[in-house]
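Here's the structure, in structure tokens; my notes come after.
The values are calculated or read from the model by the stated rules, or taken from the named source; none is laboratory data. The structure displayed is predicted, hence computed values, not measured ones. Note that each Cβ is placed from the backbone with ideal geometry, even for glycine, and that neighbours are counted across all protein chains shown. In case anyone asks, the SASA skips ligands and DNA or RNA and just uses the protein heavy atoms, side chains included. Shrake-Rupley method; radii C 1.70, N 1.55, O 1.52, S 1.80 Å.
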Amino acid sequence: MAYSLVSQASSYSSGGVTTGTVTLSVTSGNLLVLCLVHRSDAGVTSVTDSQSQTWTRVRAEQSNAFSIRCGMWYCVSTYTGSLTVTDTADANEHIMLNLSQWSGQHATPVASSAGGNNASGTSHPHGAGVNATTGQLMITVSGQTAEVTDETVATGFTKLSDTTSGNHWQWWQYRIATGTETGATATYTCTTSCATANIIGLFDVAAGGGTAVPVFVHQLKQQGIA
């Protein structure tokens, strides 16, 4: 079963706060992915939600020498309804969040991940890349040192929703692999030079096919009995 984006929401909390929240209506069994950016490099104390579900880091938060920190967490929801997710930082912060919901996830979703930093420039690859196979979901998050508003989506990727206009200190996008790929990454470009911290996460796809029919039922059908 291939991945499909069900819904998403983004939020921005200005400096002077230690928590950021984002709310989305979710369905039990769907994969939830939280991308976060902290503008002043404060650490992530916790990611929690209003239903006390368990959230797991895709990989350690990535930061650079220019006070930018980004992260990616996930949860396979066991709840249906309105859900508020909270990112708590260890210092006052600008906090930018994107929460996306996906159908078609694997029972143990994370396949691999990569992270990295880009020095000041206008081309921003997301880490060393990941090795993907057909149907796997790639999501990227990038924290920027400048308020860049003219980014160009990486080839083959689709942009996830922005935070409040005027606070474009983050960049997130996704792509579903259509074949076997080695070192797949997401390089976005912009005209304003800035440094970034980046993460790309790769999520495994659920097995395809419908419900298996027991052999004896199949035999009965062949005989016209069932």
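Mind listing just one residue for me: the one in segment 130-142 that is among the hydroxyl-bearing types (S, T, Y) and part of a loop (DSSP other than H, G, I, E, B) and, of those, least open to solvent (accessible area, probe 1.4 Å)? If we take residues in segment 130-142 being among the hydroxyl-bearing types (S, T, Y) and part of a loop (DSSP other than H, G, I, E, B), then T133 is least open to solvent (accessible area, probe 1.4 Å). Screening segment 1-78 for strands (runs of 3 or more DSSP E) wholly inside it with 2 or more residues that are more than 26 Å from F157 (Cβ to Cβ), open to solvent by 20 Å² or more (accessible area, probe 1.4 Å) and touching a strand residue (DSSP E or B) at 6+ places or on another chain (Cβ under 6 Å) returns the ranges 4-26, 44-49. Figure legend. Inter-residue proximity from segment 100-121: first residues of a type in the set (A, V, I, L, M), second residues surrounded by 19 or more Cβ atoms within 10 Å (Cβ to Cβ) and not in a strand (DSSP E or B), beta-carbon distance below 7 Å, spacing 6+ or different chains. Indicated pairs: V110/V58; A111/Q136; A114/G127; A114/G129. Within segment 153-187, being assigned to a strand (DSSP E or B), surrounded by 13 or more Cβ atoms within 10 Å (Cβ to Cβ) and at pLDDT 90 or above holds for K159, W172, Q173, Y174, R175, I176, E181, A184. Of everything in segment 35-54 that is closer than 16 Å to S11 by Cβ and of a type outside the set (S, T, Y), the residue that is modelled with the lowest pLDDT is R39. Within segment 66-88, residues that are free of Cβ contacts under 8 Å to residues at least 60 places away in the same chain and among the aromatic types (F, W, Y) have Cβ atoms under 9 Å from residues that are surrounded by fewer than 18 Cβ atoms within 10 Å (Cβ to Cβ) and assigned to a strand (DSSP E or B) in these pairs: W73/T56; W73/R57, counting only partners at least 6 apart in sequence or on another chain.
Does at least one position in segment 77-95 carry a residue that is modelled with pLDDT of 95 or more and at positive phi? So far as segment 77-95 goes, yes, one or more of its residues are modelled with pLDDT of 95 or more and at positive phi. Going by the conditions given, is T145 farther than 13 Å from V37 by Cβ and open to solvent by 10 Å² or more (accessible area, probe 1.4 Å)? No: the conditions fail for T145. Test V110 against the criterion of being surrounded by fewer than 21 Cβ atoms within 10 Å (Cβ to Cβ) and touching a Pro at 6+ places or on another chain (Cβ under 8 Å), and give yes or no. No, not satisfied.
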